[in-house]
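Handing you this structure, nothing more for now.
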Amino acid sequence: MRKNLFGVSAAWMLLLSPLFSAPTVEEQATYDAACLEVIDAVNAYRAANGAPALIPFVELCQAARELAEFEELGVGVLTDLIQRTRDAGYEGDFLNGTTAFMSRGQVSAAALFQNLLSTPGFQAVFLNSEADYVGVGMAVKMRGSTTEFRLRIILGKEFPAGGPDGTPGQEVATGRGLLPLTQLREILAGAWSGDSINGFVLDPTVVVLTSAEEKAFLAALSAFARKTKSIGISRGGKVNLKLPPQLAILLERAILKGSIPPGVRFDSRSHSFKGTARKAGTYTVTLSGNLKGPVRNSEKLAPIRIRFTVRE
């Protein structure tokens, strides 16, 4: 039985976690190609500026992937970057203060790298003469109706202690993958196939809130409920009562029961009550509906009681 969103304390912990699913051969190949595209872009940029190519290390790629997945998908363990590389077996060193770079957006892998180059100071970092190694990892998540990629690049340098610092090459057969663009478009069109994204099954209709977003959502919901307990307006007055954006973005279908002042309507596109109150009286309506979710194990919004008092 699903709990009602308003009937549960704001101290909930987010329990939504994607189910593991091994990627298909095509997904794995897409992921490997995307990471290789970034490695090639890094080295092409260095070559164009007279710098030697960086050696990709499997261990650095693994750490970059794990970090991207934890940040974007919330999977894995909370470990800092350096510890991730050590756990993967990397024994090299890092550039001072420039161990990793993050880029996020709804663009291709190579474009994500170009985003990094447009950040002030990063061009010099990628041309640093002390850099010897590179690791690249990616994650992708459906978020509402959009697809968001996260790229992580780790730069390392040779440790003067001697011996191999890592394993040259790109990480492969990771148990992760990226969907090809054709399948992404299929999902965006609503034909969810159930295949894995980055090795995890994610329903694109589920909106997963961060802690900050969750607090903002609950606070906005509470404030809106208090505000709309009693709304006073004179006959002939304009009504423009909008749902808070934190609620509107998650409300898939609004359900209204009761009565609203004649001349006033609920606009489902702008998520607002709009119009001119034509008749005096007291009108009470309850707003509920389906949430894009489940959000915190609930797919329903508890009814919010709104009372309009129209004076002569």
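The values are calculated or read from the model by the stated rules, or taken from the named source; none is laboratory data. Worth saying up front: this structure is predicted, and the values here are computed from it rather than measured. Methodologically, a virtual Cβ is constructed for each residue, glycine included, from the backbone with ideal geometry; neighbour enumeration extends over all protein chains shown. What goes into the accessible areas is simple: the full protein's heavy atoms, side chains included, and nothing from ligands, DNA or RNA. Shrake-Rupley method; radii C 1.70, N 1.55, O 1.52, S 1.80 Å.
Carbon and sulfur: what percent of region 243-312's accessible surface (1.4 Å probe)?
Answer for region 243-312 is 49 percent, counting heavy atoms of protein chains only.
Could you work out the local net charge near Ser234, counting Lys and Arg as +1, Asp and Glu as -1, over the other residues with Cβ closer than 14 Å to its Cβ?
On the way: positive: Arg235, Lys238, Arg278, Lys279, Arg311; negative: Glu312.
Spelling it out: positives minus negatives among the neighbours equals +4.
What is the local net charge at Ala161, summed over the other residues whose Cβ is closer than 13 Å to its Cβ (Lys, Arg +1; Asp, Glu -1)?
Value of the local net charge: -3.
Is region 45-145 rounded, prolate or oblate when judged by the Cα gyration tensor, a ≥ b ≥ c being the square roots of its eigenvalues, rounded requiring a/c under 1.5 and prolate requiring a/b larger than b/c?
In terms of gyration-tensor shape, oblate.
5 Å is the cut-off here: which amide hydrogens, built 1.01 Å from N in the peptide plane, fall below it relative to Glu252, excluding neighbours closer than 5 in sequence?
For Glu252, whose amide H was placed from the backbone, the distant partners under 5 Å are Asn290, Leu291, Lys292.
With every protein chain present, what accessible area does Ile249 have (1.4 Å probe, heavy atoms only), rounded to the nearest 10 Å²?
110 Å²
On to the next question. Give, as ranges by residue number, the residues of region 247-288 whose backbone N falls under 17 Å from the point 7 Å along Cα→Cβ of Ser234.
Residues passing the 17 Å test: 276-281.
Which net charge results for the neighbourhood of Val75, defined as the other residues with beta-carbon distances under 13 angstrom from its beta-carbon, given Lys and Arg at +1 and Asp and Glu at -1?
On the way: positive: Arg65, Lys141, Arg150, Arg176; negative: Glu66, Glu69, Glu71, Glu72.
Its environment carries a net charge of 0.
At what distance in angstrom do the alpha carbon centres of region 233-312 and region 77-125 lie from each other?
Centre-to-centre distance over Cα atoms comes out at 46 Å.
What lysines could a cross-link reach from Lys257, if we take a straight Cα to Cα line under 20 Å and drop same-chain neighbours fewer than 8 places away?
Lys227, Lys229, Lys242, Lys274, Lys279, Lys300
Given a Förster distance of 45 Å, report the FRET efficiency between Arg307 and Gln106 from their Cβ-Cβ distance, rounded to the nearest 0.05.
Computed FRET efficiency for Arg307 and Gln106: 0.60.
Separate question: Mind checking which aspartates and glutamates have their Cα closer than 18 Å to the Cα of Lys238? Skip sequence neighbours fewer than 8 apart in that chain.
Filter leaves Asp267, Glu312.
Same structure, new question: Can you sort Lys157, Lys229, Lys238 by 1.4 Å-probe accessible area, starting with the largest?
Highest to lowest solvent-accessible surface, that is Lys238, Lys229, Lys157.
How much accessible surface does Thr167 have with a 1.4 Å probe, in Å² rounded to 10?
Estimated to the nearest 10 Å², Thr167 gives 70 Å².
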